[in-house]
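Student: Please see the structure below; I have some questions.
The values are calculated or read from the model by the stated rules, or taken from the named source; none is laboratory data. Computed from a prediction, not measured in an experiment: that's the story for all the values here. Neighbour counts run over all protein chains shown; Cβ positions are idealised from the backbone, glycine included. With ligands, DNA and RNA removed, areas are computed over all heavy atoms of the protein, side chains included. Shrake-Rupley method; radii C 1.70, N 1.55, O 1.52, S 1.80 Å.
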Amino acid sequence: MHVQTLHVAFDDTDSRTGRCTTHLAFKVVEHLKKEEGAKLVDYPLLIRLNPNIPWKTRGNGAVCLRLQVQDAGRVIDHIRQAVEEGSAIGSGANPGVAFLQSDSVPAELQKFSALAMCDVLSRQMAEKVAKAAGVQYSTFGNGQGLVGSLGALGCLLDGDHTYELIAYRKPENCGLPRVVDKERVIKFSADTYPNTFNNYDRNHGRVLITPHGADPVFFGVRGESPEVVASALPALQPLEEELDGWTIFRSNQGTNMHLQNEIRVAGAKAYTAGHVKCRVSGKPYAIEGGHVIFTVEQDDGAEMPAAVYEPTGLAKVAIKLEAGDLIEIGVGVRKGTTKHPKILNVEYLSVLELAPAFDVLNPVCKMCGKRMKSEGRNKGYQCDRCKHRDVNAKKIFVPREREIKTGLYIPTPKAHRHLTKPLQRYGIEKSS
Ligand SMILES: [Zn+2]
């Protein structure tokens, strides 16, 4: 038997009832190491795909394993069976699993993967790419999971990336409350700053590393290196229960990978993600719930409304924008309905240039110094007090100081999506 390189990816094994794609990866890797002598040639990859896809599972995460194995056939059989048995098929999961036996990852697969971060891809297109790239695959349920599987399989993650250590509970503890000492999380967070992120939301006093459902994840800690996330184990291990084990994933979480491409407002496709450089073209206004709406205009004159949602914490910034401000926004395109037009859901706001703002005042009376009243459009002004009339008087524009500054505004950690790049990561991105 000679050693072969085998790439494996699976997606959509979980459902709302609480199974978990990363847990399946943890179990599969444990088995393959012990029973098949398999070696991982990279950390298991946890790849988050376009978060705007409406039919996604909770986090739209897929897993890819790059392995060296003795007997690829047996490994493929084992994984296929594990995905089928370990998925919540029938209660919302539509898993796909994909295998590639090759030393390299074909270009068309890499291209498909890049699109899967920000676009809406069909199962048919996935099948076509799989065939062209020599990928074997199995699908269950409606098979939508094939898109995510290929998206992960083709993702080399050779640019910016992060790590997440995920610790798992023993089956008998799943569903019980997770006891995590808030003070230890705060201390860990401070001790490892800026190399771990989203452990704790200071603004809301909330621990972010633990999920809340019945799934087998005890906690997940995200950071810049395998070593720093591994240090969470001694620092945060629960005293109340014994854990089942843990895996360190390499991931595109916290990288804004889905926002890399530029969206053209004219013809923007529903559910796609990207960024838009534009001018604010209408005064922002608040709607019920504290959300803020404003219109933006791209350099070709195309306009679209943009929405900043209250829970992101960005609404209080957006309301201070003025027509003419130059901004860049990370967005997801919300589908239009019969009642509402297509809208850009804002994920981050970068204020590039502030337009000068003015208060517009009526002219002052030359005779007595009181502010005059308009006589109507183009009819000049008259003074209330001394009745002096001036047909040539003009409105006065008084420069007003802006209440916001140029710079980057991102959502509060509690409102972060898996892919949202936290503020502390700006400037420390990896290039390989
Ligand atoms: Zn007067």
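Student: Quick check on ILE53: is it crowded, with 23+ Cβ neighbours inside 10 Å and either within 29 Å of the chain's Cα centre (by Cα) or modelled with pLDDT of 95 or more (or both)?
Tutor: When the stated conditions are applied, ILE53 does not pass them.
Student: If you don't mind, another one. Which residue, of GLN68, GLN110, is assigned to a helix (DSSP H, G or I), among the polar types (S, T, N, Q) and surrounded by fewer than 18 Cβ atoms within 10 Å (Cβ to Cβ)?
Tutor: GLN110
Student: Still on this model: Are any residues in segment 363-407 in a loop (DSSP other than H, G, I, E, B), without any contact (Cβ under 8 Å) to a residue 24 or more places away in the chain, within 16 Å of the ligand (Cβ to nearest atom) and open to solvent by 80 Å² or more (accessible area, probe 1.4 Å), and if so, which ones?
Tutor: MET367, ARG385, LYS387, VAL391, ASN392 - these are the residues of segment 363-407 that are in a loop (DSSP other than H, G, I, E, B), without any contact (Cβ under 8 Å) to a residue 24 or more places away in the chain, within 16 Å of the ligand (Cβ to nearest atom) and open to solvent by 80 Å² or more (accessible area, probe 1.4 Å).
Table: residues versus (1) of a type in the set (Gly, Ala, Ser); (2) without any contact (Cβ under 8 Å) to a residue 24 or more places away in the chain; (3) outside the structural domain of VAL333 (by TED's automatic domain parsing).
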{"position": "ASN261", "(1), (2), (3)": "no, no, no"}
{"position": "ARG264", "(1), (2), (3)": "no, no, no"}
{"position": "ALA270", "(1), (2), (3)": "yes, no, no"}
{"position": "ALA273", "(1), (2), (3)": "yes, no, no"}
{"position": "VAL276", "(1), (2), (3)": "no, no, no"}
{"position": "SER281", "(1), (2), (3)": "yes, no, no"}
{"position": "GLY290", "(1), (2), (3)": "yes, no, no"}
{"position": "THR295", "(1), (2), (3)": "no, yes, no"}
{"position": "ALA302", "(1), (2), (3)": "yes, no, no"}
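Student: Identify the single condition in (1) more than 28 Å from MET257 (Cβ to Cβ); (2) at pLDDT 95 or above; (3) in a strand (DSSP E or B) that GLY324 does not satisfy, given that it satisfies every other one.
Tutor: Result: GLY324 fails condition (3) only.
Student: Tell me which residues, restricted to segment 78-90, are open to solvent by 60 Å² or more (accessible area, probe 1.4 Å), touching a residue at least 24 places away in the same chain (Cβ under 8 Å) and not acidic (Asp, Glu).
Tutor: Passing the criteria: ARG80, ILE89, GLY90.
Student: Do the conditions hold for LEU344, that is, is it modelled with pLDDT under 95, surrounded by 12 or more Cβ atoms within 10 Å (Cβ to Cβ) and under 19 Å from the mean Cα position of the chain (by Cα)? Give the steps one after another, and end with the answer.
Tutor: On the way: modelled with pLDDT under 95: no; surrounded by 12 or more Cβ atoms within 10 Å (Cβ to Cβ): yes; under 19 Å from the mean Cα position of the chain (by Cα): yes.
So LEU344 fails the test.
Student: Quick one: how many residues across segment 278-311 are under 30 Å from ASN195 (Cα atoms) and either at pLDDT below 95 or surrounded by fewer than 20 Cβ atoms within 10 Å (Cβ to Cβ) (or both)?
Tutor: 3
Student: Identify the single condition in (1) among the hydrophobic types (A, V, I, L, M, F, W, C); (2) under 30 Å from LYS111 (Cα atoms); (3) surrounded by 20 or more Cβ atoms within 10 Å (Cβ to Cβ) that ALA266 does not satisfy, given that it satisfies every other one.
Tutor: The single condition ALA266 does not satisfy is (3).
Student: Restricting the search to segment 179-200, which residues are assigned to a strand (DSSP E or B) and farther than 18 Å from TYR426 by Cα?
Tutor: Of everything in segment 179-200, just one residue is assigned to a strand (DSSP E or B) and farther than 18 Å from TYR426 by Cα, namely TYR200.
Student: Would you check if SER102 is within 21 Å of ILE47 (Cα to Cα), open to solvent by 30 Å² or more (accessible area, probe 1.4 Å) and of a type in the set (Ser, Thr, Tyr)?
Tutor: So SER102 passes the test.
Student: Still on this model: Taking the options ALA214, ALA152, ALA190, ALA167, name whichever one is over 28 Å from ASN94 (Cβ atoms) and among the small types (Gly, Ala, Ser). So that I can check it myself, show each step before the final result.
Tutor: Values: ALA214 fails: over 28 Å from ASN94 (Cβ atoms); ALA152 fails: over 28 Å from ASN94 (Cβ atoms); ALA167 fails: over 28 Å from ASN94 (Cβ atoms).
One residue alone meets the criteria, ALA190.
Student: For PHE358, only one of the following conditions fails: (1) open to solvent by 80 Å² or more (accessible area, probe 1.4 Å); (2) in a strand (DSSP E or B); (3) at pLDDT 95 or above. What is its number?
Tutor: (3)
Student: Among the residues of segment 408-421, write down those that are open to solvent by 50 Å² or more (accessible area, probe 1.4 Å), part of a loop (DSSP other than H, G, I, E, B) and either in contact with a Gly (Cβ under 7 Å, 6 or more places away or on another chain) or among the hydrophobic types (A, V, I, L, M, F, W, C) (or both).
Tutor: HIS418
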